[in-house]
Amino acid sequence: MRKLLLALGLTLAPVAALADDMSGTWTINAAFESMGVTFTTTCTFKQDAAGNLAGPCKGTADEQTPASGALRTGMSGKPEVDFGYDTNYEGTPVHLEYVGLPQADGSLTGTISAHGAQGTFTATRK
């Protein structure tokens, strides 16, 4: 019985980790190092029971732009957050796509992509 409970607990651990609520206001520091581009933005998410995220992010001109994403189990079996939104960079429309891993301190770290360019980001909840 003890082994069964231990096995059940280990099996459900990733599910319990996914129950973390990503709702709230996040400050995102991002960089496309190869292009020398860095920026900071803010996103405010609400998470539904299925783990879907929705809410506005500030675009490059401080406009509010709709963002969407999800908290899910990644390929590694660990929780992963992905979200994206449309904005403009120097007058050109661009879609930013973020994929991050929740960290022990409550932050997110991961990659950002746009039109084939790759960068990194860190997000902290306000």
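Per-structure values
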| quantity | calculated |
| --- | --- |
| Any hit, region 9-23, residues being under 15 Å from residue 123 (Cβ atoms), loosely packed, with under 15 Cβ neighbours inside 10 Å, of a type outside the set (S, T, N, Q) and at pLDDT below 95 | yes |
| Search result, residues across region 55-99 that are in a loop (DSSP other than H, G, I, E, B), of a type in the set (Val, Ile, Thr) and within 16 Å of the chain's Cα centre (by Cα) | none |
| Within region 38-54, considering residues that are assigned to a loop (DSSP other than H, G, I, E, B) and not acidic (Asp, Glu), the one surrounded by the most Cβ atoms within 10 Å (Cβ to Cβ) | 51 |
| Count of residues meeting criterion [farther than 20 Å from residue 24 by Cα and either touching a Gly at 6+ places or on another chain (Cβ under 6 Å) or exposed (fewer than 13 other Cβ atoms within 10 Å of the Cβ) (or both)] in region 55-110 | 11 |
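Yes or no, residue by residue, for (1) in contact with a strand residue (DSSP E or B) (Cβ under 7 Å, 6 or more places away or on another chain); (2) closer than 16 Å to residue 123 by Cβ; (3) touching a residue at least 12 places away in the same chain (Cβ under 8 Å):
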| site | (1), (2), (3) |
| --- | --- |
| 73 | yes, no, yes |
| 80 | yes, yes, yes |
| 92 | no, no, no |
| 100 | yes, yes, yes |
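The values are calculated or read from the model by the stated rules, or taken from the named source; none is laboratory data. Predicted model only: the values in this text are computed from it and were never measured. Note: ideal-geometry Cβ built from the backbone for every residue, glycine included; neighbour counts use all protein chains shown.
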